[in-house]
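Undergrad: Pasting a structure below so you can have a look.
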Amino acid sequence: MLLWSVLKIIIFVLAVVALTFGVSFLIDSSDVLLITVAGREFALTPLSGTIGLILALAALYLLLKLIGLLGACIRFLNGDETAISRYFNRRAERKGYQALSEGMIAMASGEGRLAIRKAERAEGYLRRPELTNLLVAQAAELAGDSSKATATYKKLLEDDQTRFVGVRGLMKQKLEAGDTDTAMKLAEKAFLMRPNHGEVQDTLLRLQAADEDWDGARKTLAAKLKANNLPRDVHKRRDAVLALAHARDALAEGKIDIARRDANEANRLSPDLVPAAVMAARMAIEEGKPRVATKEIRKAWDAAPHPDLAAAFAEIVPDETPEARLKRFRVLLAKHIGDPEVKLLDAELNIAAEDYAAARKALGDLAETHPTARSLTIMAAIERGEGAEERIVRGWLAKAVTASRGPQWTCENCGHVHADWQPVCEQCESFDTLAWAEAPQSEAALTGAAQMLPLIVGALEDQSPAASNEVSEDSPSADAETVIDASEATEDPIDVTPEDNPDKIPNTAS
């Protein structure tokens, strides 16, 4: 590197020396250069001749450039690619990208209208609709101009590079407009174009589930698993939900074999899915396979106790006595000791067997520590069975009016409570969001009932002895009807008169 620098200095010095000697030679020379032009002679010294020659070459060079510029202008006007056109193209490209960047900044700032204007200006410079139309469509959505957004998304369909974006944008617009049929068709088309796209998979799965297309939903779910967009355990759970939903529809249509197959598959995929275990067990009971039904229920009960499982377990031997039923249920009661559901079930079975002391012991302090309509109604039945005063029984039932309903099938997405399990929420149409949980109570909804509670109980406490005697002298059946009526008011009926129907299984649904 240093040698090259020294060499350049030496060359520069030599050039200066040579130029100096050349100029000195021309100045000292006594020769004359004669040039004849149109009969006229011009006498030039060597130095002036040299300068003239240089100026002539420069003039010739400028003339050639002017001729080239004139030719370029002619070709530019003719539409040919020239240096002039490339200059103006670079200038337009620079302005176009500047407008596009300003539009993106406006989009990020929430200024939809400004972003649209910048995008349209950028299109005038760039002629790149695959870029500018994307910005226009998103900016139109931001500005609330759905018609312009729709028209722009349709333009995106014309280009292979942006066709998926156009389909997806139109799909989202149809979803917002509530046109689920068209949205599903667009989602299916988008799924064919990009089968591994997570958002499209989720949207298509939700629409298929809401439309009860269980077979299509299972295929979409399998695609999510294949694309690694879903954990394997979640896939098994949701596949079980879809299989159970298909089994329900098949059973409603009288397709028993298909219903049995899908119910068993759902129970195999997710043994803790209570509705699947219940359906599989009941179908096994209809086939005359009580051992299979017992196995299915016990497997689901081991995961978590549930009143529907207890009801299905009772159906295995429908005509047994309350004592025999209590003995058979010991295999379930031995699991999850201390769980509120186990306590409630144990208390109900003892009430059916008219062992009220055992029922009170089984219930424990659940009515005080975690009062629900069901536990309070059971407590009223225990008091009634032990011969307590009517005002005490009514007091427990009055408390049950404002108590929590206990665990119910509640949507984890919107909080809507369902009477029975459903694969899709009735309120928000979300898929596989129902959980057996206690729904939060609205204090405003219970204000009136809570204000009436002291009036109801107080009025009963202020009854005259004669009135109390009249109540105590009522027939047992009349008292039982009173308890049952009050229990029904809590929407949680329970057997409190086993003598009227000793074979009836205690209703454990809350």
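Undergrad: Tell me the accessible surface of ILE285 in square angstrom (1.4 angstrom probe, heavy atoms of protein chains only), to the nearest ten.
TA: Accessible area of ILE285: about 50 Å².
Undergrad: Which peptide among 157-165, 422-430 comes first, and what is the full order, when sorted by highest mean count of other Cβ atoms within 10 Å? Please report the intermediate quantities before stating the final value.
TA: Values: 157-165: 14.1, 422-430: 17.0.
My ranking of the peptides, most packed first, is 422-430, 157-165.
Undergrad: So, R0 is 60 Å and r is the distance between the beta-carbons of GLU368 and ARG194; what FRET efficiency does that work out to, to 0.05?
TA: According to the calculation, E is roughly 0.55.
Undergrad: Tabulate in residue order the Karplus-calculated ³J(HN,Hα) for the range 175-191, using 6.51 cos²θ - 1.76 cosθ + 1.60 with θ = phi - 60°, rounded to whole Hz; enter x for Gly and Pro.
TA: So the Karplus estimates, Gly and Pro as x, are 5, 5, 7, x, 8, 6, 5, 5, 4, 5, 4, 5, 5, 5, 5, 5, 5 Hz.
Undergrad: Which listed residue (ILE337, ASN350, LEU326) has the Cα farthest towards the positive end of the charge dipole for the range 235-375, taking +1 on Lys and Arg C-beta and -1 on Asp and Glu C-beta about the Cα centre?
TA: With unit charges placed on the Cβ atoms, the residue in question is ILE337.
Undergrad: Still on this structure, please answer the following. I'd like the Karplus ³J(HN,Hα) series for the range 297-310: coefficients 6.51, -1.76, 1.60, θ = phi - 60°, whole numbers in Hz, and an x wherever there's a Gly or Pro.
TA: Per residue, the Karplus-derived 3J(HN,Hα) values read 5, 5, 5, 5, 5, 4, 6, 6, x, 8, x, 5, 5, 5 Hz.
Undergrad: Counting residues in the range 219-330 as N, plug N into 2.2 N^0.38 Å and put the Cα Rg over that result.
TA: On the way: Rg = 15.6 Å, N = 112, 2.2 N^0.38 = 13.2 Å.
With N residues counted in the range 219-330, Rg over 2.2 N^0.38 Å equals 1.18.
Undergrad: Follow-up question, since we're still on this one. Would you list VAL241, VAL292 from the most to the least accessible area, probe 1.4 Å? Let's see the in-between values first.
TA: Details: VAL241 0, VAL292 65 Å².
So the residues, ranked largest to smallest area, are VAL292, VAL241.
Undergrad: Taking θ = phi - 60°, what integer Hz values does the Karplus form 6.51 cos²θ - 1.76 cosθ + 1.60 yield along the range 257-265, in sequence order, with x for Gly and Pro?
TA: 4, 5, 4, 5, 4, 6, 5, 5, 5
Undergrad: Between ASP179 and LEU70, what is the label-point separation in nm under the 7 Å Cα-to-beta-carbon projection?
TA: 6.3
Undergrad: Leaving out ligands, DNA and RNA, what percent of the accessible area of the range 115-273 is carbon and sulfur, probe 1.4 Å?
TA: On the way: 3760 of 8190 Å².
Its accessible area is 46 percent carbon and sulfur atoms.
Undergrad: Add +1 for every Lys or Arg and -1 for every Asp or Glu among the other residues with Cβ under 14 Å from the Cβ of HIS370, and state the total.
TA: On the way: positive: LYS343, ARG374, LYS399, ARG405; negative: ASP339, GLU341, ASP365, GLU368, GLU438.
Cβ neighbours under 14 Å give a net charge of -1.
Undergrad: Solvent-accessible area of PHE12, probe 1.4 Å, all protein chains present, reported in Å² to the nearest ten, please.
TA: Approximately 140 Å² for this residue.
Undergrad: Please work out, to two decimal places, the log10 of the ratio I(q)/I(0) at q = 0.19, 0.21 Å⁻¹ from a Debye calculation in which every Cα of the range 136-269 carries one identical scatterer.
TA: -1.02, -1.14
Undergrad: Can you give the charge dipole size of the range 188-264 about its Cα centre, rounded to the nearest 20 debye, using +1 on the beta carbon of Lys and Arg and -1 on the beta carbon of Asp and Glu?
TA: Working: 15 positive and 13 negative charges, 76 e Å.
Roughly 360 debye for the range 188-264.
Undergrad: Given H placed on each backbone N at 1.01 Å, which residues far from SER404 in sequence or on other chains put an amide H within less than 5 Å of it?
TA: Amide H neighbours of SER404, under 5 Å, 5+ apart: ALA373.
Undergrad: For the range 314-400, what is the accessible area per residue in Å², given a 1.4 Å probe and the full set of protein chains? Display every interim value, and only then the final one.
TA: Values: 3660 Å² over 87 residues.
Accessible area per residue: 42 Å².
Undergrad: Still on this model: Using the Kirkwood radius built from alpha carbon pairs, what does the Stokes-Einstein equation give as D for the range 321-398 at 37 °C and 0.692 mPa s, in µm² per second? Can you show the working numbers first?
TA: Values: Rh = 12.6 Å.
It diffuses with D of about 261 µm²/s by this estimate.
Undergrad: Under 5 Å between amide hydrogens, which residues at least 5 positions from LEU434 or on another chain qualify, with H placed 1.01 Å from N in the peptide plane?
TA: Residues meeting the criterion, in which the H sits 1.01 Å from N, are GLU412.
Undergrad: For the range 235-293, compute Rg over Rh where Rg is the Cα radius of gyration and Rh is the Kirkwood radius from the inverse mean 1/r over Cα pairs.
TA: Working: Rg = 10.4 Å, Rh = 10.9 Å.
Using Cα coordinates only, the ratio equals 0.96.
Undergrad: Put a dot 7 Å past each Cα toward the Cβ at ARG237 and ARG163; how far apart are the dots in nm?
TA: 3.8
Undergrad: Got a number for the accessible area of HIS370? Probe 1.4 Å, square angstrom, nearest 10.
TA: Looks like 70 Å² after rounding.
Undergrad: Ranked from the most accessible area to the least, with a 1.4 Å probe and all protein chains present, what is the order of MET107, MET184, MET193? Working shown, then result.
TA: Values: MET107 50, MET184 25, MET193 70 Å².
Of MET107, MET184, MET193, the descending order of accessible area is MET193, MET107, MET184.
The values are calculated or read from the model by the stated rules, or taken from the named source; none is laboratory data. Small disclaimer: the values here were computed from a predicted structure and weren't measured. Here Cβ is always computed from backbone atoms with ideal geometry, including for glycine, and neighbour counts include all displayed protein chains. We work out accessible area using only protein heavy atoms, side chains counted, and drop any ligands, DNA or RNA first. Shrake-Rupley method; radii C 1.70, N 1.55, O 1.52, S 1.80 Å.
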